[in-house]
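Below is one structure, written out as structure tokens; comments come after it.
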Amino acid sequence: MKNKIMIGCAALAIIGISLFLFIAASGSGDIVIVCSKDVPVTSLTKDEVKSIFLGEKVKWDDSHKITFVLLMTETHDRFLERYLGTNPAQYLQYWKKMIFTGKAGSPKSFKEPDKLIEYIAGAEGAVGYIPSEAYNDKVKTISVK
């Protein structure tokens, strides 16, 4: 009887740990804002991030043009929710309106973090977001206050 209880407890512990690891993996890490190394800032407010990705803030503090790019993976959905307070359908509708009215062009987007990083590393004033596990030193990070 005692062995059956211990086996049952061990099985529950394994199930619990597996469930925790599954939930942690499904979040796939945090989101990191990255930019080309020439960008003159090291931190932004959440409102500044929102303004950049809505196409409202178009120049860095040193007057260089901001070029923002999107990562069209599940990270995009989490980024929109966390930093813009919107969802993919609302964001797409917003950009359709911006493009249709001639206020902006379509943002450049990537499906793979490494392609986005390569683009940002070679583009002056570029900024985007990636899952933290995709970060490498070809770009620099921007903290969000």
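Below, the figures for the structure above:
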| quantity | calculated |
| --- | --- |
| Residues being within 17 Å of Asp30 (Cα to Cα) and surrounded by fewer than 16 Cβ atoms within 10 Å (Cβ to Cβ) - total across the stretch 70-90 | 6 |
| Residue satisfying all of: in the stretch 91-135; modelled with pLDDT under 95 and hydroxyl-bearing (Ser, Thr, Tyr); surrounded by the fewest Cβ atoms within 10 Å (Cβ to Cβ) among these | Thr101 |
| Pairs, first free of Cβ contacts under 8 Å to residues at least 60 places away in the same chain and more than 19 Å from Glu74 (Cα to Cα) in the stretch 86-112, second part of a helix (DSSP H, G or I) and β-branched (Val, Ile, Thr), C-beta under 8 Å, six or more apart | Gly105/Ile99; Ser106/Ile99 |
| Candidate set from the stretch 33-64 (those that are at negative phi, without any contact (Cβ under 8 Å) to a residue 40 or more places away in the chain and in a loop (DSSP other than H, G, I, E, B)); member that is surrounded by the most Cβ atoms within 10 Å (Cβ to Cβ) | Lys57 |
| Residue in the stretch 113-145 that is nearest to Glu74 (Cα to Cα), counting only those that are touching a strand residue (DSSP E or B) at 6+ places or on another chain (Cβ under 8 Å) and assigned to a loop (DSSP other than H, G, I, E, B) | Tyr135 |
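The values are calculated or read from the model by the stated rules, or taken from the named source; none is laboratory data. In this text, all values refer to a predicted model and were calculated from it rather than measured experimentally. All Cβ positions, glycine included, derive from the backbone under ideal geometry; neighbour counts span all protein chains shown.
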